[in-house]
Structures are given as C-alpha cells and as structure tokens.
Amino acid sequence: MYPPKDARELGILLRISRDLDVVGDVTATVDDPSELVAWAVILTDPAVMAWRAAHSGHRYLQVSAHRNRAPVRGSITAVLPCDPHQQFWQALNLDQLAVSDRRTLTPDALSAAWNVMPITPAALGDLTTDPAEPAN
C-alpha cells in the first residue's frame, strides 16, 4: 500500500528540512505494534486508548500526548489499526470491547503485551544469510 501523494510529499519535505517547527496537531498511522510501543516510550506522559469505530467496528490503538516545545507544539497522536494485529489486541485483553467503546490503557500495558507476542519466522526475516556478508 502506497501513501497518498500528499503524505509522500510531506515525508520528502520533512526528510530534506534542516529545521522543523509544527504548530498544530499531528497524527501518524503506524504499521506495527512495536512502532506504537516506541511512540509510547518516547512521548512524555502519553495517553493510551483502545477503541472500536462506531460504524465499521474496526479496532484501533492510539498513543497521544501534548507538547509545548519544538519541533511540535500541539497534540501528537500515533494510531495503529489493529484488525491486522489481532494477537496484540488479544494480548491487551480487549476481545470484549464492543463497537463504539473505548478503554484507557497504560504504556506499560502496551509493553507487556508486546513482550508476550510470539516471534515468527516472518518477523525475523531471512536468517539463511549472514548480515555481515555483502549480498551478491
């Protein structure tokens, strides 16, 4: 899945900018539970919320915090769509969360759920080659 044109343009501009100062709210969609855990660790005093969309019933986890200093002055939110991450959702004991419901969690709960996630061959990548050896 490719990001929309506007998101690609913004990503490029952010990478080539030497200085950045955002005044306003920022929301990022993350692809993996480990990325959401990283946001929860990095942000100061984050709020963690699990919720199910009212109409679709899709599952989401979000980490948000408010900042008053550069590079972002405003609310910062990272959202993880959890339908592809059912094991993580289950590790957080959220199976009984009904459509339109929300539940407050803690950053420690995210870390604990991540710690019990199974390690799969796909998550490990290709272990048949030595990463120190250059690819042919």
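See the values below:
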{"read-out": "Computed E for D19/I42 - FRET, C-beta separation, R0 22 angstrom, nearest 0.05", "value": "0.65"}
{"read-out": "Relative contact order computed over the chain (Cα-Cα under 8 Å; 6+ residues apart), in percent", "value": "25 percent"}
{"read-out": "Bridge type composition, the chain - antiparallel percent by DSSP, nearest 5", "value": "75 percent"}
{"read-out": "Estimated D of the chain in µm² per second, where Rh is the Kirkwood radius over Cα pairs and Stokes-Einstein applies at 10 °C, 1.306 mPa s", "value": "93 µm²/s"}
{"read-out": "Alpha carbon Rg of the stretch 14-81, scaled by the compact-globule rule 2.2 N^0.38 Å", "value": "1.21"}
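Throughout, read-outs are computed from the coordinates displayed, never taken from laboratory work. Owing to the predicted nature of the structure, the values given are computational and were not obtained by experimental measurement. Note that each Cβ is placed from the backbone with ideal geometry, even for glycine, and that neighbours are counted across all protein chains shown.
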